[in-house]
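Student: Sharing a structure here in structure tokens format.
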Amino acid sequence: MAHPDDAEFSAGGTLARWSREGARIAYCVATDGDKGTSDPGRDPRVVAEERIAEQRAAARVLGVEEVLFLGHPDGVLQPSLELRRDIVRVIRLVRPEAVLTSDPTRRFGPGYINHPDHRAAGEVALDAVYPSARDPLVFPELVEEGLAPHRVTQVFLANPAEATCLVDISGTLERKLEALRQHRSQVTEDRLREMVPRRAAEVGAPHGLAAAEAFHHIRLG
Ligand SMILES: [Zn+2]
């Protein structure tokens, strides 16, 4: 994901279910969220420290075992080869069955423009999954670091332009809220209570679920 809090907002209920059901989860966060303030007088390094701590606290609430930050610049994240190499390094290190990232094709919706960092992170994560993490001759320096190629077999795109997979989060909505609550610098309790359950209900309602998160699911052969 691009920022601290993206995983919780877009998939917190699903991640809580996965960890409850025994999955091991690692986060890879492209930026430190150092531009995540409306106060022009704040030092971005201090903002970053705060947001890194918030992200680690939220991860603990969801049972996420490991949080890796790539330290790319917030607000101006680019779909660069440097970012791709960094994500491939994490994929080869963690060796996940599934990767969950942002849908890079989601450009805008009613009353909403997707953050360019989210698109960049999703685009590069997909490129990293296929083919770069799999192919030994791409980024040969990673093989020299001892990181063998790895095949990811499932991808979940959060905040999808076209949903193909719905996860029932009625049993973990409260845990998602508790994780989001850790991002004190970003959200107020009132806004959380108003926004998150309403969104989960909207996603679930057409399918008879009280609360859900939507994804575009890709199964790789
Ligand atoms: Zn974000």
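Student: What 222 nm value per residue comes from the helices of the chain, counting each DSSP H run with n ≥ 4 as -39,500 (n - 2.57) and dividing by all residues, nearest 500 deg cm²/dmol?
Tutor: It lands at -13000 deg cm²/dmol.
Student: What is the local net charge at Val47, summed over the other residues whose Cβ is closer than 14 Å to its Cβ (Lys, Arg +1; Asp, Glu -1)?
Tutor: Here the count lands on -4.
Student: Same structure again: What number do you get for the chain when its Cα radius of gyration is normalised by 2.2 N^0.38 Å, N = residues?
Tutor: Normalised Cα radius of gyration, the chain: 0.99.
Student: ³J(HN,Hα) across region 12-27 via Karplus (A = 6.51, B = -1.76, C = 1.60, θ = phi - 60°), whole Hz, x for Gly/Pro?
Tutor: x, x, 5, 5, 4, 5, 4, 5, 4, 8, x, 6, 9, 10, 10, 9
Student: Please report, largest first and rounded to whole Å, the three semi-axes of the ellipsoid equivalent to region 122-164, where each semi-axis is the square root of five times an eigenvalue of the C-alpha gyration tensor.
Tutor: They are 26, 9, 7 Å, listed largest first.
Student: Let me ask something additional. Can you tally the net charge around Arg175? Count Lys and Arg as +1, Asp and Glu as -1, for every other residue whose Cβ sits under 12 Å from the Cβ of Arg175.
Tutor: +2
Student: Two-decimal Rg/Rh of region 93-178 from alpha-carbon positions, Kirkwood Rh?
Tutor: 1.06
Student: Would you work out which of Gln182, Pro131, His216 lies farthest towards the positive end of the dipole of the chain, given +1 charges on the beta-carbon of Lys and Arg and -1 on that of Asp and Glu, about the Cα centre?
Tutor: His216
Student: Taking the Cα centre of the chain as the origin and placing charges on Cβ (Lys, Arg +1; Asp, Glu -1), which of His118, Ile52, Val155 is farthest toward the positive end of the dipole?
Tutor: About the Cα centre, the residue reaching furthest to the positive side is Val155.
Student: Shifting gears a bit: Report the local net charge at Glu97: Lys and Arg +1, Asp and Glu -1, summed over other residues whose C-beta lies under 12 Å from its C-beta.
Tutor: That works out to +4.
Student: How large is the direction-averaged shadow of the alpha-carbon convex hull of region 4-95, in nm²?
Tutor: Reported value for the Cα convex hull: 6.3 nm².
Student: Okay, moving on. Compare the peptides 6-13, 184-191 by average per-residue count of other Cβ atoms within 10 angstrom and give them in order, highest first.
Tutor: Packing order, densest peptide first, comes out as 6-13, 184-191.
Student: First obtain the Kirkwood hydrodynamic radius of region 1-49 from its Cα pairs, then insert it into the Stokes-Einstein equation at 25 °C and 0.890 mPa s, and state the resulting D in µm² per second as a whole number.
Tutor: In µm²/s, the coefficient rounds to 198.
Computed from the coordinates by the stated procedures, all read-outs in this text should not be read as laboratory data. Please read these numbers as outputs of a predicted model, since none were measured by experiment. For neighbour counting, all protein chains shown are included, and Cβ atoms are generated from backbone atoms with ideal geometry for every residue, glycine included.
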